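Right, one structure below, let's go through it.
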Amino acid sequence: MALSPGRSGLGAGPSPAPYRLSWRILDALEAVAARWPARAEGAIRWLLLLPALLVVGLLVFGLLVMGDASLRVMDFRTYRLSEQHSLANYVRLWGWGAFHATLWRSLGATLLVTLLCLVLAFPYARALTRTSSARLRRLLLVGLFLPFFVGQVVRAYGWLVILGQQGLVNQVLGLLGLGPYRLLFAYETVLFGLVQYMLPFAVLMLAPALAAIPEEIERAAASCGASPVRALLRIVLPMARPGLVAAALVVATLTLTDFAMPAILGGGTNDFLANLVHDQFFRTSNAGLGSAIALVLTFLGTTVAGLLLALAGPGALGVRGAR
Amino acid sequence: MNDPSFFTSRRRLLGSATALAAGFAVPAVLRAQEPAKPAELIVRAWGGVWVDSLKKGVSDPFTAKTGIRIRHDLTEDNEIKPRIWAAVQQGRTPPIHVNWDTTANATSSALRGVCESLADLPNLAKVLPLAKPIGLEGVPIVNLYSYVYVLAYRPEVFPGGAPTSWSVLLEPRFKGRIALYNDGIGFHPVAQVMGGGKVSDIPGNMEPCWAFIRKLKEQKPLLGEDPDFTNWFQKGEIDVACTISSNAREAKAKGVNVAWTVPKEGAKVDTDGMWIPKGLTANELYWAKRYIDFALSTEAQQVWLDGLGLPGVAPGLRPPADLVGDPSYPTTEKDFERLILIPPRIQAEHTAEWFARFKEIMQS
Amino acid sequence: MTSTAEAVPRTRAHAEAVPAVEALGLGRRYGTVWALEDASFRLERGQFLTVLGPSGSGKSTLLKLVAGFERPDRGHVRLFGAEVDTVPPHRRPIGMVFQRLALFPHMTAAGNIAFPLEMRRFDPREIPARVERFLELVRLRGLGHRRPHELSGGQQQRVAIARALVFEPGLLLLDEPLASLDVRLKEEMQLEFRRIQRELGVTTINVTHDQREALVLSDRVIVMQGGRILQEGEPETVWRDPAHPFVARFLGVGTMLRGLAEAGPAIRIGDRRLPGRAPNPATAPRPGRPAVAALRAERVRIFAASGSPAPGTGFACRVTDTVFEGDRVLYELIVPELGEVRLRAVDLDPGGHARYRPGTQVTVAWSPDDLLLFDASLEPGSDP
Ligand SMILES: Nc1ncnc2c1ncn2[C@@H]1O[C@H](COP(=O)(O)OP(=O)(O)O)[C@@H](O)[C@H]1O
Ligand SMILES: [Mg+2]
């Protein structure tokens, strides 16, 4: 590290400005950085990735353990998993009506909630990115982020309060001489709760994609003779595809694996696969069957994600590649 | 006064002095060779009225007598179980010292062999035979009280008086307004009877049970867990339910107009107990046993179970005033005649299977 | 759809009579600020109009109103004789090239060019041939299959032009499409625009802040500032007779001198009276009032200190800077007689005589015709 010229002089001329501590620290850091071997840069990059890799590695390890457990059958006379491996748990799932019902219910909800969220999130994200009114934008942003401060379980209980027999909605209906109606504990209630929960995620994923579409592009479409609807279909939606796919990816995987909404709003008869997994692990202590369902769920989630990414084409998430 | 050894020894001294004064039922021989006391014991419990009454009736007096602090761990019984199993399997210290558990759930742990034997508890000799689990080797669990899955109802929908049969669950006017446990627990024997079967056929032939539950499914029941029932009665979501009497009693305590009955077909009775996981140090094991032994005492049960409104196994308990003569508080032979007890071992061995059938019906 | 501009009568006699574009007192306000105020002009068919002005002067706003992307707060637009205030942009017979081109990134070049044809319901069988023809017109034959990001900047420009013209719109709007190009490409594209526009004869409004581009391309020029039209006319006229000091300055006049107006007209600076010319009576200075004078740099003649112009017309001065630019030499001079004012002069024939180095004493002179006089109040504060 070179001496600062101000201090190497022998007192000739005006006395130098005091050399500040923060400058010294920065100098030292720069000196270290200058000595840093260029080759280490690659290593550093890997080092920074390490925590993430560790987490993923642990996940993979967990899956392997589950894979092993899923091949062992629980003996309820000793509450221990069998020593031998077999596909018995999977065979049981294949023949278990409750599993089929739950599977299709989860998949159906995934499809419906994802579609609904995209349809509802699109205008919201568009208004958010296009409005020229700062006040409206602020309002939309608050509306977007406020739900994040309220956890999923709290929100589900909120719906119990609002939609219950003596809840807000039924009270208002009661003033009109209607009801009370059973609004809770149905498949529709669970879907409603899920859409309400997932919507901010969808908006959040969609907004950057829409913001990246210049207004000029839409004007260009109009000047080409495209009506607003046709401009939306032919230009805006295709250009927003990365955002739509990202939003669908988040909403679909979160919905498919959701636990709280069906547990709280489903009234016990609208379980999703995650509830079934939970029951097997914690209620009947059947780690074998639970692992099998968990693996099926993981496989489904991966498949849904894979399908969506395939649908989007390469580089859909803005990862390097063709734009 | 800052010398910790002095402090602890003084407290220990005080503790044993109180214990002596209270006539703590421990043979003098045992007391002479008492192992070192741990600073605290962790007892798993259910929240709400359950932990409150346990603290008042058992834990606080135990601390007063022994100087050992009691910490209550409110992890769900089903969730602590796999953790204990894993700890025992891997030779680690288990997360708790005493597990307050349903007997059926505890039996699965006993079958797996993770429970310490409680056969040498002094109080075990003085209590009802119900305290020792049926069908298990030794005493891995001690039952502490029983409870009944009653038919709870809203009196205003039964102006003619209490319903006398479980068949009211099928009345069209209660469609969407009945509730059961979400694993069907507590209802199987009743359903077996209602479906025209015999209790003695459990677990061999339970088709009558499933047939009845299938009929119930048409009634669009709500399925929940203990707190849900109280809540649902309170919020006007349901009119009739099969639930543990304590939940109905709690709703009533909260000012909801709820009553309960044991219909003519009978009702399922079950027990709760306590057990100690393997893997504790010798002194912790000793004091954990002393805790459970104390929970068996009349002194502790009188206060604790008054809070829960449940009949205990200790001799000479006086029922709470509001439950004298109540069918959900069985005390006499005649009371017990109408209650159906399924041995916990059979329950433990078939829970998963019954659960699967129940889900199959309710989820499709 | 009888009210759309595309349904405007197209009989030949009528068509000759009505202008392509008429702006009648157009105004557009954002918040409390008028981005465009009282803009009126008329553009005949086939003409090339350039709207010239600095950034923020309201050029794009004017185009937005003509294209229909925004509604005017005041005034009306007429296209081919029909009022189009209620006609949405996609129903106006207008092709447009945007500042940032706005090509559709998910379509090929050919797809971009075909898009307006599909939207405007051209016979699908005719589309491929037409796309080919326009690819050829903009010299992109064989590149139709490429995506925009696989094309160079100039090629992207050409796609944008083809897309704007392929459906043969009545009017072409260009919103500074050349602004971001480097000088050589820009000049090439300017000529390209001119060629294509002549070839197709399409009426065009071009927006730019580049005065050279305006002069090179246009049949007519509008100069704007602060949301107002300062002057409209043929490029040569505007160049020769700028009607406003701002126009003079924006067209790159060279030097602005300040003084007092005198009859004649003339401007007095210190003891010297400089005769000049007021190009526009409306902006002429009144005698006795402050005036500004614009002096064209390329009309300033430079003499060695010894040689001199007609007596009484020249000024002794000192060269302070000499910039050799190849085809010309730029001088900066200080004139003590005019209160040390700085002058710019351009020698367009640098090979013809000696170059003057900094420090040299020279004499300068110009014709009164090249000193343009304006009322100083038109030019608030700013000193050249
Ligand atoms: N959408 C808008 N909202 C607010 N102000 C605007 C908007 N568009 C343009 N302006 C303002 O209007 C004035 C003219 O803008 P513009 O027509 O884009 O100028 P130019 O194209 O000549 O650079 C500028 O001061 C600009 O800030
Ligand atoms: Mg502009």
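The values are calculated or read from the model by the stated rules, or taken from the named source; none is laboratory data. Here the structure is a predicted model, which is why all the values come from computation and not from measurement. No Cβ is skipped: glycine too gets one built from the backbone with ideal geometry, and neighbour counts run over all protein chains shown. These accessible areas exclude ligands, DNA and RNA; they are computed on the full protein's heavy atoms, side chains included. Shrake-Rupley method; radii C 1.70, N 1.55, O 1.52, S 1.80 Å.
Of note:
- Counting only residues that are open to solvent by 60 Å² or more (accessible area, probe 1.4 Å) and aliphatic (A, V, I, L, M), region C:245-298 holds 3 of them.
- Subset of region C:73-91 (residues that are facing chain A (nearest Cβ under 8 Å) and either within 13 Å of ligand 2 (Cβ to nearest atom) or assigned to a loop (DSSP other than H, G, I, E, B) (or both)): C:Pro88
- Residue match in region B:161-174 (condition: assigned to a helix (DSSP H, G or I), within 24 Å of the chain's Cα centre (by Cα) and at negative phi): yes
- Residue among A:Leu120, A:Leu103, A:Leu111 that is out of contact with any strand residue (DSSP E or B) (no Cβ under 7 Å at 6 or more places or on another chain), at pLDDT 95 or above and farther than 29 Å from B:Met362 by Cα: A:Leu120
- Pair list, Cβ under 6 Å, 6 or more apart: region B:227-255 residue within 14 Å of chain A (Cβ to nearest Cβ), other residue in a helix (DSSP H, G or I) and charged (D, E, K, R): B:Thr230/B:Glu250
- Residue match in region C:116-130 (condition: in a helix (DSSP H, G or I), open to solvent by 10 Å² or more (accessible area, probe 1.4 Å), more than 10 Å from chain A (Cβ to nearest Cβ) and within 15 Å of C:Pro169 (Cα to Cα)): yes
- Residue count, region B:151-170 (criterion: acidic (Asp, Glu) and modelled with pLDDT of 95 or more): 0
- Residue that is surrounded by the fewest Cβ atoms within 10 Å (Cβ to Cβ), among those in region C:50-60 that are more than 13 Å from C:Ile222 (Cβ to Cβ) and within 6 Å of ligand 1 (Cβ to nearest atom): C:Ser55
- Strands (runs of 3 or more DSSP E) (entirely within region C:175-239) containing at least 2 residues that are open to solvent by less than 10 Å² (accessible area, probe 1.4 Å) and either away from ligand 2 (no atom under 16 Å from the Cβ) or within 28 Å of C:Leu372 (Cβ to Cβ) (or both): C:203-208, C:220-225
- When residues in region B:236-273 are screened for being touching a strand residue (DSSP E or B) at 6+ places or on another chain (Cβ under 6 Å), at pLDDT below 90 and in a loop (DSSP other than H, G, I, E, B), 0 of them pass.
- Filtering region C:346-378 to residues that are among the hydrophobic types (A, V, I, L, M, F, W, C) and either surrounded by fewer than 19 Cβ atoms within 10 Å (Cβ to Cβ) or under 22 Å from C:Phe246 (Cβ atoms) (or both) leaves C:Val346, C:Leu348, C:Ala354, C:Ala365, C:Trp366, C:Leu371, C:Leu372, C:Leu373, C:Phe374, C:Ala376, C:Leu378.
To keep it simple, each residue is scored yes or no on (1) over 17 Å from A:Val203 (Cα atoms); (2) of a type in the set (Gly, Ala, Ser); (3) within 14 Å of another protein chain (Cβ to nearest Cβ).
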{"position": "A:Arg92", "(1), (2), (3)": "yes, no, yes"}
{"position": "A:Phe99", "(1), (2), (3)": "yes, no, yes"}
{"position": "A:Ala109", "(1), (2), (3)": "yes, yes, yes"}
{"position": "A:Val113", "(1), (2), (3)": "no, no, no"}
{"position": "A:Val119", "(1), (2), (3)": "no, no, no"}
{"position": "A:Thr129", "(1), (2), (3)": "no, no, no"}
{"position": "A:Leu136", "(1), (2), (3)": "no, no, no"}
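- Odd one out for C:Leu135 among (1) more than 14 Å from chain A (Cβ to nearest Cβ); (2) open to solvent by 30 Å² or more (accessible area, probe 1.4 Å): (2)
- Taking (1) open to solvent by less than 10 Å² (accessible area, probe 1.4 Å); (2) within 13 Å of chain C (Cβ to nearest Cβ) in turn, A:Pro214 satisfies each apart from (1).
- Subset of region C:94-106 [away from ligand 2 (no atom under 13 Å from the Cβ) and either open to solvent by 10 Å² or more (accessible area, probe 1.4 Å) or free of Cβ contacts under 8 Å to residues at least 12 places away in the same chain (or both)]: C:Leu101, C:Leu103, C:Pro105, C:His106
- Unique residue being touching a Gly at 6+ places or on another chain (Cβ under 8 Å), open to solvent by 10 Å² or more (accessible area, probe 1.4 Å), in contact (Cβ under 8 Å) with a residue 24 or more places away in the chain and at negative phi when the list is B:Asp52, B:Asp77, B:Asp73, B:Asp120: B:Asp52
- C:Asp327 being acidic (Asp, Glu), modelled with pLDDT under 85 and crowded, with 17+ Cβ neighbours inside 10 Å: no
- Qualifying positions in region A:156-202 - under 28 Å from the mean Cα position of the chain (by Cα) and part of a loop (DSSP other than H, G, I, E, B): A:Leu183, A:Leu184, A:Phe185, A:Ala186
- If the condition is being part of a helix (DSSP H, G or I) and within 14 Å of chain B (Cβ to nearest Cβ), then region A:26-79 contributes A:Gly62, A:Val65, A:Met66, A:Ala69.
- Put simply, of A:Leu244, A:Leu265 the only residue that is more than 14 Å from chain B (Cβ to nearest Cβ) and in contact with a helix residue (DSSP H, G or I) (Cβ under 9 Å, 6 or more places away or on another chain) is A:Leu244.
- In region C:40-72, the residue that is nearest to the other protein chains (Cβ to nearest Cβ) out of those that are among the small types (Gly, Ala, Ser) and away from ligand 2 (no atom under 15 Å from the Cβ) is C:Gly68.
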